[in-house]
Amino acid sequence: MLIAVILSMSSQYRDQNFIDQVCKKIVEIRKAKGIVQEDLVERTGFDIRQIGNIERGISNTSISNLAAIAKALEVHPRELLEFDFEIPKYPPLRRDRKGK
């Protein structure tokens, strides 16, 4: 029961579509530059399985790992995030609703 609750809690914070978009960008940039996964292993110190899991969207990698990958690809980290991203429309903030 506890494991199911923990898995449920963690999945609500995992945006697989966002992860997939970042992974797609990593692979796109890597291939465009003629860099193979083994080069990323050498440049980042990550294990080949870790690189594969990141590129396939299995691993919800950290910001520090994204920085290491950006450096290994010789790009600014913002290039890993250059894709369409839908911004949700939320109701007004509490401070804006107070006097109403």
(message) Suppose we keep only residues that are surrounded by 15 or more Cβ atoms within 10 Å (Cβ to Cβ), over 21 Å from GLN16 (Cβ atoms) and of a type in the set (A, V, I, L, M, F, W, C) within the stretch 27-45. Which one would you say is farthest from the chain's Cα centre (by Cα)?
(response) ILE35
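State all residues of the stretch 58-75 that are within 16 Å of LYS33 (Cα to Cα) and surrounded by 15 or more Cβ atoms within 10 Å (Cβ to Cβ); if no residue qualifies, say none.
Once the filter is applied, which keeps residues that are within 16 Å of LYS33 (Cα to Cα) and surrounded by 15 or more Cβ atoms within 10 Å (Cβ to Cβ), the stretch 58-75 yields ILE69, ALA70, ALA72, LEU73, VAL75.
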(request) Find the helices (runs of 4 or more DSSP H) located wholly in the stretch 46-100 whose residues include 2 or more that are touching a residue at least 40 places away in the same chain (Cβ under 8 Å) and in contact with a helix residue (DSSP H, G or I) (Cβ under 9 Å, 6 or more places away or on another chain), and list them. (result) 63-73
(request) Would you check which residues across the stretch 8-63 are charged (D, E, K, R) and modelled with pLDDT under 95 and list them? (result) ARG14, ASP15
(request) Scan (1) at pLDDT 95 or above; (2) surrounded by 10 or more Cβ atoms within 10 Å (Cβ to Cβ); (3) within 22 Å of ASN17 (Cβ to Cβ) for the single condition ARG78 breaks and write down its number. (result) (2)
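The values are calculated or read from the model by the stated rules, or taken from the named source; none is laboratory data. Keep in mind that what you see is a predicted model, and the values were worked out from it rather than measured. Positions of Cβ are backbone-derived with ideal geometry, glycine not excepted, and every protein chain shown enters the neighbour counts.
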